[in-house]
Every structure is written in structure tokens, then in C-alpha cells.
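Accompanying notes for the structure given below.
Bear in mind that the values in this text are calculations on the coordinates, not laboratory data. Keep in mind that what you see is a predicted model, and the values were worked out from it rather than measured. Ideal geometry is used to build each Cβ from the backbone, glycine not excepted, and the neighbour counts take in all protein chains shown.
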Amino acid sequence: MTVIDPGMHTGRHETPWQIDFRARERQERLLIGRLSAGLALGLVLGLTGESLSDVLPAHVVAAYDPYAYGLLVLVMTRGQRQAGWASLIGVATSAGLAAGHLSAQAVDYDEALFGQAGESWRTALSVTVIAFGLAGHLSRRPGTRGDLAVGLLSGLLFGRVVQHLQHLSGPSPAPSPDGPWILLALLVLGVAFPLLLRPSRPARARTALITLISAALATAFLLLPPMG
């Protein structure tokens, strides 16, 4: 980390170069603090979530696993202008989540999305980090990339709602362990992301339109009759 030498001061006033140097040092401290916070919060949330999955009903677990983990990644990467720092913070947060999961698994193994047998929980964690991390990184940008990132993520969440409803209303519906809580969680996140994550009214309107289009495409894809 950059360290300011007290001997750099010349007189009572700092030069523009020194002011810029101090600003960069503050930025480095904030970024390193966010890295540490992402790792620590990921560890706590992963450990808590996996531990609670042993005592909570399955439909409650399905409402936060993996969406609560994705929200943490989104919050930690939100507003990071440099893609490299956003990726590093997302990786640190996901490392904390994985460490929390493995710690809880060492105590008492449980079947949740991140706790499934084999490598599936790692795949789920990777997809969550990429989707929510990208949306968090681009969410404050007023351009098209921010609209697309947030809108596509919200549309995919609505697509998951349609998938669950299709499962429940099929010709031979099987009882789902997910229950109604996951539908409520998906609907709240899908509506809230375009409204809360975008920085201006025009950006929110464009993002909402992208959300509707992607949700419609996901619904049409899910309702297609099976081939063969």
C-alpha cells in the first residue's frame, strides 16, 4: 500500500501532485477494506446459511440459497468502476462464502443448492458470483451495459418464477420443497433491481423494458413443447 512520507510537505500547502497522491491512497484503503469486508461477510453468511439449512424448512432455505449470497456479491461489487477490482472483490466474497459452506459442512453436511453432492455447489456459486457480480459492477453506470446487466438478471429471476409456476401447474404436479417463499423472493428481487440499482429515471425505464423483454423470452422458451 502507498505510504505518504511526511517529508513530502513543502510549506503549509500541498502541491496538486501530493493531493492526487493522497486521494489514491484513500482509494486504495477503501478497496482493501472492501476486500476484507467481502471475505469476512461471505464467511459469516455462508456459515450461517449452511448451518440454518439444517434446522429451517426446505422452502425457507430455497428463498435465500443462493439469492442471499448473490445479493451480498452484488452489494460488495456495486459501483466499482474498474472491472479488475470488481472481479477481485467478487472472488474474495465468493471465497468467504465457500469457506463458510465448507466450515458448516465439516460440522454437519446438509443438502442445499451450494451443499449438493459432487461439484454442483461450486457451479452454482460460480454462476451466482458472475451474474450478481456483473450486475453489481455495472449497476451504477448510466449506459447500455448497466441497463443490460441489471435488466437481464431481473428477467432471469422472473423466468425462474415462471419455471416454478409451470412445475406447480403441470398435468401431474409434484409437491415442490421450494414452497411459496422462493416465488416471493424472486418477485421482490426482479421488481426491485431495476428500480433501486439504476441511477436515473431514464436508466430505470430502459432497464425495466429490458427486464420485460427478457422475462417474456424466458417465458416463451419455458412454455415451448418438448422436442420429440
**Request:** Along Cα→Cβ, 7 Å out, is where each label goes; now give me the distance between the ones at residue 26 and residue 212 in nm to one decimal.
**Result:** 4.2
**Asked** With r defined as the distance between the Cβ atoms of residue 59 and residue 83 and R0 fixed at 45 Å, what FRET efficiency is calculated, to the nearest 0.05?
**Response** 0.75
**Prompt:** Residues with beta-carbon under 12 Å from that of residue 208, excluding residue 208: net charge, scoring Lys, Arg +1 and Asp, Glu -1?
**Reply:** +3
**Message:** Can you tally the net charge around residue 96? Count Lys and Arg as +1, Asp and Glu as -1, for every other residue whose Cβ sits under 14 Å from the Cβ of residue 96.
**Reply:** 0
